[in-house]
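The values are calculated or read from the model by the stated rules, or taken from the named source; none is laboratory data. All of these numbers come straight from a predicted model, not from anything done at the bench. Heads up, the Cβs are rebuilt from the backbone with ideal geometry, glycines too, and the neighbour counts pull from every protein chain shown. When the accessible area is computed, the model is the full protein with side chains, heavy atoms only, and any ligands, DNA or RNA have been set aside. Shrake-Rupley method; radii C 1.70, N 1.55, O 1.52, S 1.80 Å.
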Amino acid sequence: MQASHNNRILAILCSVLDAHSAVLFLPAEGVQEISPACGLAASFSLSSKLDYSTFVSDGQGLVGWILRNKEPLLVANFDQHKHRLGYYLDNEEQSIKAFMGCSLPFVRGALCIDSKRQYSFSEKDQKMLHLFADLIANLQTDSAKDEGNTLVARYYSALQAIYVLRRTHTRWTDFLSRFLELVTAMTDLTYCVFCTRDPGCDSYSVEGESSVLLRKADRPAPSYPMSNGIVGWVFRNSAPIVTEGPNGSPDTPLVGRGTEVPQFQTVMALPLIIHGKTRAVLCLAHHSPVKISAATQDFVQMASEHLALFLENLYIKCRLRDMYREKMSETAPKNFEVN
């Protein structure tokens with residue numbers, strides 16, 4: 001059952017990071033102590049030539065380097081003369097142009113992805129890979145008992161649902177609405193709001209929320225100075241905030257004083273960094289003091305990274321569309337209107 005979960009997680013990872021293959025190496029099943037070699041425990045690939053009998057020892061190829069050093073590795077321009085993967089059959093490895101991997105926390109193992117395109121992966125993708133590694137490790141470790149496994153499985157299902165949303169809701173407003181509802185329901189928090197930086201960069205606007213507190217149907221989206229509220233602090237500092245419990249109740253309002261939003265006792269706000277700048281903030285809150293578990297924080301972080309990826313792709317599409325319209329306007333007859 002666990003292997004099946006891992007295979008499906010790797011399928012999501014492969015889709016999110018547009019990889020050719022995703023592979024998970026773990027000690028042989030039932031081995032509690034450090035094993036001399038790790039086998040291919042789970043995988044997802046666009047290739048039919050994965051070698052499922054592969055075992056990798058410490059220092060053996062790129063995967064073995066990760067197992068031995070317990071450090072992440074990113075090879076943007078793969079050179080078959082210098083590097084070796086070892087988990088493909090025949091000559092399939094010769095088509096690989098990029099590789100990225102990291103070790104698993106708490107347990108011995110390595111999570112790796114590859115691509116047939118050079119420079120496919122970035123430091124941002126490495127961060128996403130670590131989040132998936134954390135999720136898999138939580139499933140593997142003995143300390144994740146029944147309740148923990150249930151919670152991780154629940155978040156895993158939510159990540160699947162978020163991935164499906166990208167395919168079924170291509171319009172941004174529809175996707176955002178369903179995304180905020182889903183994240184709120186999965187975390188058992190009472191409110192989720194998504195704010196974006198205004199063009200002038202001195203204010204931010206509420207673009208979506210899981211329940212109506214700020215956005216009124218008959219009014220434009222509310223805007224607040226960048227100096228206001230917890231959300232404004234996250235924008236200014238490009239850093240997350242997590243406050244929870246009686247001693248962690250925030251003194252600062254969510255979006256600034258004088259608003260109709262109640263004083264939340266628990267807040268988790270994350271910056272969405274696109275092209276090196278915080279372009280948006282995803283914020284979850286609860287009216288009462290509640291404990292936000294590490295699994296919940298990992299899930300929200302992964303969900304926010306997914307949302308940032310959607311926004312980045314949307315930004316690129318809009319830029320290409322605008323460039324196309326400008327070009328068409330320059331070449332069109334005077335009485336011709338470009339729609």
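Please go through segment 75-87 and pick out each residue that is touching a residue at least 24 places away in the same chain (Cβ under 8 Å) and open to solvent by less than 70 Å² (accessible area, probe 1.4 Å). Of everything in segment 75-87, those that are touching a residue at least 24 places away in the same chain (Cβ under 8 Å) and open to solvent by less than 70 Å² (accessible area, probe 1.4 Å) turn out to be Val75, Ala76, Phe78, Leu85, Gly86, Tyr87. Can you pull out every residue in segment 173-182 that is farther than 15 Å from Arg215 by Cβ and either crowded, with 20+ Cβ neighbours inside 10 Å or touching a residue at least 40 places away in the same chain (Cβ under 8 Å) (or both)? Across segment 173-182, the qualifying residues are Phe175, Phe179. Among the residues of segment 202-213, some residue qualifies, meaning at least one is open to solvent by 60 Å² or more (accessible area, probe 1.4 Å) and closer than 18 Å to Ala308 by Cα.
Has segment 98-115 got at least one residue that is free of Cβ contacts under 8 Å to residues at least 24 places away in the same chain, outside any strand (DSSP E or B) and surrounded by fewer than 20 Cβ atoms within 10 Å (Cβ to Cβ)? Taking every residue of segment 98-115 in turn, none turns out to be free of Cβ contacts under 8 Å to residues at least 24 places away in the same chain, outside any strand (DSSP E or B) and surrounded by fewer than 20 Cβ atoms within 10 Å (Cβ to Cβ). If you go through segment 283-299 one residue at a time, do you hit one that is open to solvent by less than 80 Å² (accessible area, probe 1.4 Å), aliphatic (A, V, I, L, M) and modelled with pLDDT of 90 or more? Yes, some residue in segment 283-299 is open to solvent by less than 80 Å² (accessible area, probe 1.4 Å), aliphatic (A, V, I, L, M) and modelled with pLDDT of 90 or more.
(1) modelled with pLDDT of 90 or more; (2) of a type in the set (S, T, N, Q); (3) in contact with a Ser or Thr (Cβ under 7 Å, 6 or more places away or on another chain): which one isn't true of Thr187, the others all being true? Only one criterion is unmet by Thr187, namely (1). All of (1) modelled with pLDDT of 90 or more; (2) surrounded by 14 or more Cβ atoms within 10 Å (Cβ to Cβ) hold for Gln140 with one exception: (1).
I'd like the full set of residues that are modelled with pLDDT of 85 or more, open to solvent by less than 80 Å² (accessible area, probe 1.4 Å) and of a type outside the set (A, V, I, L, M), limited to segment 28-52.
The answer is Cys38, Gly39, Ser43, Phe44, Ser45, Ser47, Lys49, Asp51.
Is there a residue in segment 191-198 that is part of a loop (DSSP other than H, G, I, E, B), hydroxyl-bearing (Ser, Thr, Tyr) and open to solvent by 20 Å² or more (accessible area, probe 1.4 Å)? The answer is no, given that none of the residues of segment 191-198 is part of a loop (DSSP other than H, G, I, E, B), hydroxyl-bearing (Ser, Thr, Tyr) and open to solvent by 20 Å² or more (accessible area, probe 1.4 Å). The sole residue among Lys317, Lys277 that is of a type in the set (Lys, Arg) and either modelled with pLDDT of 85 or more or under 21 Å from His130 (Cα atoms) (or both) is Lys277.
Being free of Cβ contacts under 8 Å to residues at least 60 places away in the same chain, of a type outside the set (Asp, Glu) and in contact with a strand residue (DSSP E or B) (Cβ under 7 Å, 6 or more places away or on another chain) is the filter here, so list the residues in segment 183-212 that pass it. If the condition is that a residue be free of Cβ contacts under 8 Å to residues at least 60 places away in the same chain, of a type outside the set (Asp, Glu) and in contact with a strand residue (DSSP E or B) (Cβ under 7 Å, 6 or more places away or on another chain), then Ser203, Ser205, Val206, Gly208, Ser210, Ser211 are the ones that fit.
Quick check: is even one residue across segment 163-171 surrounded by fewer than 21 Cβ atoms within 10 Å (Cβ to Cβ), basic (Lys, Arg) and at pLDDT below 80? Yes, there is a match, as at least one residue in segment 163-171 is surrounded by fewer than 21 Cβ atoms within 10 Å (Cβ to Cβ), basic (Lys, Arg) and at pLDDT below 80.
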